[in-house]
Structures are given as structure tokens and as C-alpha cells.
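Here the structure is laid out as C-alpha cells; the discussion comes afterwards.
The values are calculated or read from the model by the stated rules, or taken from the named source; none is laboratory data. Quantities reported herein were computed from a predicted structural model and do not represent experimental measurements. Cβ coordinates were reconstructed from backbone atoms using ideal geometry, including for glycine residues, and neighbour counts include every protein chain displayed.
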Amino acid sequence: GMKLKPSTVGIPVPGMNLDVFDDAGNSVRNQNGYLVIKSPWPAMTRGLLNDDERYLETYWSRFENVWFHGDYVYADNDNLWYMHGRTDDVINVSGHRMSTAEIEHTVISHPKVSDAASIAIPDDLTGEAIVIFFVADDNLETNLQSIVSEYVSEKIGKIARPKHVFQLSDLPKTRTGKIMRRLLKSKLLGNDLGDLSSLENPHVLNEISRIG
């Protein structure tokens, strides 16, 4: 069978004509892009109740004759796929809107980082502030927080400098491989953690409890 890699969600199921598009609508590999579906499939949503206009705007307006799912993804040359979040998840820092996906992909592009998540927390000065959680490629290497902070600031701009950066041995994920950002945010803000039944790696809770 195919050998999986860390953080991948596997390969597309048969019958799903999935692809990754860049901003210009080109098919890409080994770079971040948008999840699209190029052919109909059996369980395809055919419309929204009493709102055809919203259906067309949501799924069919981004690229011509291609279903736009609203997810930011990455597919490598082995056709292994990685989910990196929703394209409409944004953080507003002093009026500057930044996608959490953009921030996370920047962090992951650092050679010493294997996985990352970003969240927004309230900030009296900027409205919202960026918080980054990351997993090092080598968990034995610590104290990378300042390096990651500088890297993000350099690649995106000073406005993207995170308020906090935390290094974890793993990120909380569901059984389908999605990062549970709400859990990270709730833990950091001291809020109730809510339903944890879908958490795949509950051991990470002990580590998260030591941050902040």
C-alpha cells in the first residue's frame, strides 16, 4: 500500500476529480492552493433551498465551470493531500485582513517546521492579534519561537508579527486530520473546551494546558 506522511489526509477517493488551483486557475502541485472539483460526483450539492444565487456565488463564481470548495490545500507529487483550513478564515490586525491559511503556510515553509496553526485573539491595541502554534520538524529542537516569529514578519510583513508563538509536539486534530483551532483558542483564553469527542490525540491536551 501507499506509505503515508505526517499530517497528510491521504489521497482522493475514486470518482472524485479533485485538483489544486492557484489564484490564476492553474493546476499546481507541491505548493499551496485551492481545493477544486472538476467533474460532478454522486453526492454533489445541487443547490441551496430557495437561494440559487447564493449557491452559484459560493461554489461556482471563483473559477469557471469548476466547483470551488473554500478549502486551502496542498498536494505533493505522490498525490498525498494536506488540508490547511478555510480560505475565508481571516485575522484582522489594525484593519489588515490576513488569511490564517496564509500565515500557517508561511510558518510551515520554514525548513525546521512540520505543522502549524494560527488563531486570532482579542487585542486592545490592534483589535485582533495573531497567535501561532507550531510543531518542529525535529521535536528535540526547542526554543524556535523567536525564529518563527521573525520568519513570519519577514515573509508577510511586520503587521503579521505574532503576539505569541508556542511550540508543541503535536497539534490537536480530528480523526479526519483537521486541526482543532477552536480548542487552541479556548484553551488560551481560558474558555470551556466544549465537545472533545472528535479529538484524535487527547494526549496533546496536557501539553496545551502548560502554555499561556
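General observations
- Condition met for Gly10 (at positive phi and in contact (Cβ under 8 Å) with a residue 60 or more places away in the chain): yes
- Wholly within segment 50-168, helices (runs of 4 or more DSSP H) carrying at least 3 residues that are on the phi < 0 side of the Ramachandran plot and loosely packed, with under 14 Cβ neighbours inside 10 Å: 52-59, 145-156
- Selection from segment 67-98 of residues that are more than 21 Å from Ile37 (Cβ to Cβ) and either of a type outside the set (D, E, K, R) or in contact with a Cys (Cβ under 7 Å, 6 or more places away or on another chain) (or both): Val90, Ile91, Asn92, Val93, Ser94, Gly95, His96, Met98
Residue by residue, here is whether (1) out of contact with any Ser or Thr (no Cβ under 9 Å at 6 or more places or on another chain); (2) more than 15 Å from Thr100 (Cβ to Cβ) holds:
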position: Asn143; (1), (2): yes, yes
position: Leu188; (1), (2): yes, no
position: Glu207; (1), (2): no, yes
position: Ile211; (1), (2): yes, yes
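- The residues in segment 13-35 that are loosely packed, with under 15 Cβ neighbours inside 10 Å and within 18 Å of the chain's Cα centre (by Cα) can be counted, and the count is 5.
- Selection status of Leu171, touching a strand residue (DSSP E or B) at 6+ places or on another chain (Cβ under 9 Å) and either surrounded by 17 or more Cβ atoms within 10 Å (Cβ to Cβ) or of a type in the set (Ser, Thr, Tyr) (or both): yes
- Scanning segment 1-15 for residues that are assigned to a loop (DSSP other than H, G, I, E, B) and at pLDDT 85 or above turns up Val9, Ile11, Pro12, Val13, Pro14, Gly15.
- Pick from segment 169-194, criterion outside any loop (DSSP other than H, G, I, E, B) and in contact (Cβ under 8 Å) with a residue 40 or more places away in the chain, ranking: farthest from Val113 (Cα to Cα): Leu189
- Matching residues in segment 18-46 - criterion: being part of a loop (DSSP other than H, G, I, E, B) and in contact with a strand residue (DSSP E or B) (Cβ under 6 Å, 6 or more places away or on another chain): Asp22, Gly25, Val28, Arg29, Lys38
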